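Quick notes on the structure that follows.
Nothing in this text is a laboratory measurement; each read-out follows from the coordinates by a stated rule. Bear in mind that the values here come from a model prediction, so they are computed numbers and not experimental data. Glycine gets a Cβ as well: all are built from the backbone with ideal geometry, and neighbour counts include every protein chain shown.
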Amino acid sequence: MSGLIFPNESDAYRKARDELLKAEILLRQQLADVSAQRARLPPGGEIAEDYVFKRLNADGASENISIAELFVEGHSSLFIYSFMFGPDMPHPCPMCTSMLDALNGNARSIKERISVAIVARSPIERVAKFANNRGWHQLPIVSSAGNSYQRDYFGETEDGTQMPMANVFVKKGTRVRHFWGSEMLYAELDGQPRHVDLLWPLWNVLDLTPEGRGADWYPAI
């Protein structure tokens, strides 16, 4: 298959590895096919309102910013991640924190192509303080404390539970429409939904090892 032979490997290992490589190639093609299918989605629903969030400006003062203004000039797509850090939570979700650690590390490059924002329900001062202490200097952070964005786009349940939803919006002219959401989070599945695994190096690296990701392991915050 690949033509590679590692030092001292057995024939049994090479045979099994070649079969695995076939499966990996099929998976690669399936991921490409799903990505192409996603890109062909028809226009989603137009947002019901131009949600107004809170952010901290360069002087550290709180100011309003609308969802339309989250689109950087020249970008037609906006990725928003709902960070599980509600006002009644003593600490943010460790899983969200780990994922955002990774996203922050790649955000400089991602933002060359699209706009990005992280939204949480807590007051902006609280969220920004945690983000700054965590070193998330590449991620635009906003608070949805004064609007219904989290509820409308499934980053929050009816009882106020925070959910780690990812959403993509597109902007044409002055109109903003929803394009995609990580609905696998709410699908009926066995085990964890793994709805943002492809964004997250942690699980992809652990899955390469014989130990795997573990059944109930959480990264330390």
Inset, instruction - Pull out a ≥ b ≥ c, the square roots of the eigenvalues of the alpha-carbon gyration tensor of the stretch 46-170, then state rounded if a/c is under 1.5, prolate if not and a/b is larger than b/c, and oblate in the remaining case. - result: rounded
Legend entry - Size of charge dipole - the stretch 52-184 - debye, nearest 20, with Cβ of Lys, Arg +1 and Asp, Glu -1, no other charges: 380
Legend entry - Over the stretch 81-140: Rg over Rh, Cα atoms, Kirkwood Rh: 0.95
Inset, instruction - Give the percent of DSSP beta bridges with both residues in the chain that are antiparallel, rounded to the nearest 5. - result: 70
Legend entry - Dimensions in Å of the stretch 1-102 - Rg and Dmax from alpha carbons: 23.1, 65
Legend entry - Integer Hz, Karplus 6.51/-1.76/1.60 couplings in order for the stretch 17-27, x for Gly and Pro: 5, 5, 5, 5, 4, 4, 5, 5, 5, 5, 5
Legend entry - Relative packing of peptides 179-186, 88-95, 212-219, 77-84 - highest average C-beta neighbours within 10 Å first: 77-84, 179-186, 88-95, 212-219
Inset, instruction - Along each of the three principal axes of the Cα atoms of the chain, give the extent in whole Å, ordering the values from largest to smallest. - result: 64, 40, 35
Legend entry - Tilt relative to the chain, helix 94-110 - C-alpha long axis, 0 to 90 degrees, to 10: 90
Legend entry - Protection-proxy order for peptides 53-64, 122-133, each taking the mean of Cβ atoms within 10 Å per residue, highest first: 122-133, 53-64
Legend entry - Distance between the stretch 148-211 and the stretch 64-92 - C-alpha centres, whole angstrom: 13
Inset, instruction - Rounded to the nearest 500, what is the 222 nm mean residue ellipticity of the chain from helices alone, with -39500 (n - 2.57) per DSSP H run of 4+ residues and division by all residues? - result: -9500 deg cm²/dmol
